[in-house]
Amino acid sequence: MTTIIWFRQDLRLADNPALAHAAMRGAVVPVYIADETDPFPPGGASRWWLHHSLRALENSLGCMVYLCGDPLEQLDSLVRKTGASAVFWNRCYEPHAVARDRSIKKHLREAGLEAESFNAGLLNEPWEVRTKSGEPFKVFTPFWRAAMANAPESPKAAVKPECAAPKGIGTTLDALGLAPSNPDWAKGWSDLWTPGEADAQARLDAFVENGLEGYATLRDRPDLRHTSRLSPHLHFGEISPRQIAARIGWAADENPALARDADKFMAEVGWREFCYHLLFHYPDLPAKNWREDFDRYPWRESAADLKAWQRGQTGYPLVDAGMRELWQTGTMHNRVRMVAASFLTKHLRLHWKHGEQWFRDTLVDADLANNAAGWQWVAGSGADAAPYFRIFNPTMQARKFDPRGDYIRRWCPELAGLSDSDIHAPFELAADILAKAGIRLGETYPKPIVDHDAARKAALAGYDKIKR
Ligand code: FAD
């Protein structure tokens with residue numbers, strides 16, 4: 001019996017329950033549908049990743065059908081053309097996907113087909129973790145405690161079913177137009193990233209070998225490579241959190257000295273689970289302030305300040321380094337994401353939605369749940385958020401987390417001539433020190449677009465307004 005397997009954010013063969021269940025029925029028709037009804041379609045950087053990840057999956061499976069349009073219509077037509085008697089997929093949790101999949105399942109079942117969905121992307125389904133009174137959680141720590149009470153299922157081995165995709169159906173991967181061309185702005189990215197299941201596993205192995213030990217203390221240092229860089233692989237489902245939990249669990253069992261680092265790392269994976277939990281239960285998260293009092297916050301509008309932030313030209317080296325890393329590589333270290341997001345929302349007082357949109361377009365790991373929750377957390381408007389009055393000082397953050405300035409030097413090469421202790425705040429330096437390093441403030445590197453103390457006061461004054 002032929003089964004259509006509809007791939008979305010589960011681009012792998014191993015620990016893929018929809019694929020495994022389809023394989024038990026017989027041959028499969030794997031399909032990817034570029035969903036033209038999605039209100040949050042993938043941004044530019046994600047599209048680059050998706051193109052290469054789909055190519056890798058197609059190579060592993062031996063075939064793939066590419067379609068474009070309304071998924072319900074496309075699946076209907078594919079069922080007719082292939083004679084499939086079932087359609088299986090792994091669940092997505094974005095509000096649009098939840099509603100879409102629900103109506104597709106109903107439609108297919110009414111048409112007499114088997115339609116089943118599975119959990120491939122989370123340790124726990126968002127509805128499986130509840131407070132004692134049966135409500136969704138709003139605070140991370142009790143959420144994660146409750147989530148950890150359910151031991152994660154063991155990951156399943158890879159399956160490679162017989163491929164029954166008829167030739168000549170649909171379009172080609174290239175014709176979906178996911179990879180940039182003319183200009184190919186992602187030219188160097190293949191040296192930085194290898195999308196696909198094989199590299200996701202290799203990256204996890206490399207992290208366990210080289211990054212896990214010390215993770216709890218060094219994960220905040222952007223100048224060191226101590227985090228896993230698994231987020232785009234996780235977003236596209238090239239690796240599952242169950243596979244990660246199992247691998248990290250073995251590492252800690254083999255070497256109990258790693259227990260603290262392993263717990264901290266799994267708690268970060270837990271933040272991802274929490275963000276999905278929030279998005280599922282509060283589908284307005286990407287669109288509305290979680291805390292309604294923030295609707296009254298006096299946000300500014302300034303196209304010039306937004307552009308300076310986007311281009312890494314704020315005059316604050318850590319913020320600029322992060323924004324340039326993002327533009328050039330499609331990622332940014334988590335600590336720097338927090339500092340850059342805080343700078344946009346608190347120093348510039350521009351609405352977090354501007355930042356959420358920019359990240360959505362430029363991050364290879366852009367993820368509706370993690371991104372919206374991350375932005376609202378930093379802005380102070382979110383669930384379990386950083387208190388609004390705790391405003392990051394971008395210079396102190398730079399001194400603390402990039403102590404020798406290596407990260408800044410890498411992304412702001414025009415500051416490279418400054419000493420390790422001077423590089424974090426060129427605007428504090430005497431003219432002769434700047435001249436010796438070949439820097440002309442306002443020409444070779446910008447003057448700060450806002451004064452930290454004044455910006456801090458203005459941000460707090462805005463907060464006073466919403467408290468009243
Ligand atoms: P590691 O430290 O190795 O963590 C392992 C995994 O845990 C990550 O791959 C990720 O899946 C998850 N994780 C870690 N930290 C967080 C977190 N704070 N929230 C949710 N999950 C987390 N992450 C995204 O995947 N997509 C986004 O669009 C995104 N936008 C963000 C926006 C802002 C403003 C902020 C502050 C954070 C955002 N994050 C986002 C979370 C975090 O910055 C990245 O997940 C992390 O930097 C990825 O690097 P890593 O894989 O090396 O992380």
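The values are calculated or read from the model by the stated rules, or taken from the named source; none is laboratory data. The model shown is predicted, which means the values in this text are computed figures rather than measured ones. Counting neighbours? That spans all protein chains shown, and the Cβs are built from the backbone with ideal geometry, glycine included.
Whenever a residue of region 285-300 is buried (at least 17 other Cβ atoms within 10 Å of the Cβ), its partners that are assigned to a helix (DSSP H, G or I) and among the acidic types (Asp, Glu), lying with C-beta atoms within less than 8 angstrom and at least six residues away or across chains, give the pairs Pro286/Glu356; Asn289/Asp295.
Among the residues of region 79-135, those that are hydrophobic (A, V, I, L, M, F, W, C) and part of a helix (DSSP H, G or I) comprise Val79, Ala97, Val98, Ala99, Ile104, Leu108. When the residues of region 74-100 are narrowed to those that are charged (D, E, K, R) and under 22 Å from Lys167 (Cβ atoms), which ends up surrounded by the most Cβ atoms within 10 Å (Cβ to Cβ)? Taking the candidates together, the pick is Asp76. Only a single criterion out of (1) in contact with a Leu (Cβ under 9 Å, 6 or more places away or on another chain); (2) assigned to a helix (DSSP H, G or I); (3) crowded, with 21+ Cβ neighbours inside 10 Å is not satisfied by Arg203, namely (3). All conditions but one from (1) small (Gly, Ala, Ser); (2) surrounded by 18 or more Cβ atoms within 10 Å (Cβ to Cβ); (3) over 19 Å from the mean Cα position of the chain (by Cα) apply to Ser342; the one that does not is (3).
Residue by residue, here is whether (1) among the hydrophobic types (A, V, I, L, M, F, W, C); (2) assigned to a helix (DSSP H, G or I); (3) in contact with a Lys or Arg (Cβ under 8 Å, 6 or more places away or on another chain) holds:
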| site | (1), (2), (3) |
| --- | --- |
| Arg360 | no, yes, no |
| Ala373 | yes, yes, no |
| Ile423 | yes, no, yes |
| Val450 | yes, no, no |
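In region 231-261, of all residues being within 15 Å of the ligand (Cβ to nearest atom) and among the acidic types (Asp, Glu), the one that is nearest to Gln201 (Cα to Cα) corresponds to Glu238. Entry remark, region 419-457: residues being buried (at least 18 other Cβ atoms within 10 Å of the Cβ), over 27 Å from Gly330 (Cα atoms) and either at pLDDT below 95 or touching a His at 6+ places or on another chain (Cβ under 9 Å) (or both) number 2 in total. Taking each residue of region 205-232 that is at pLDDT below 95 and of a type outside the set (Phe, Trp, Tyr) and looking for partners that are within 7 Å of the ligand (Cβ to nearest atom) and in a loop (DSSP other than H, G, I, E, B) with beta-carbon atoms closer than 7 Å, six or more apart or interchain, yields His226/Arg219.
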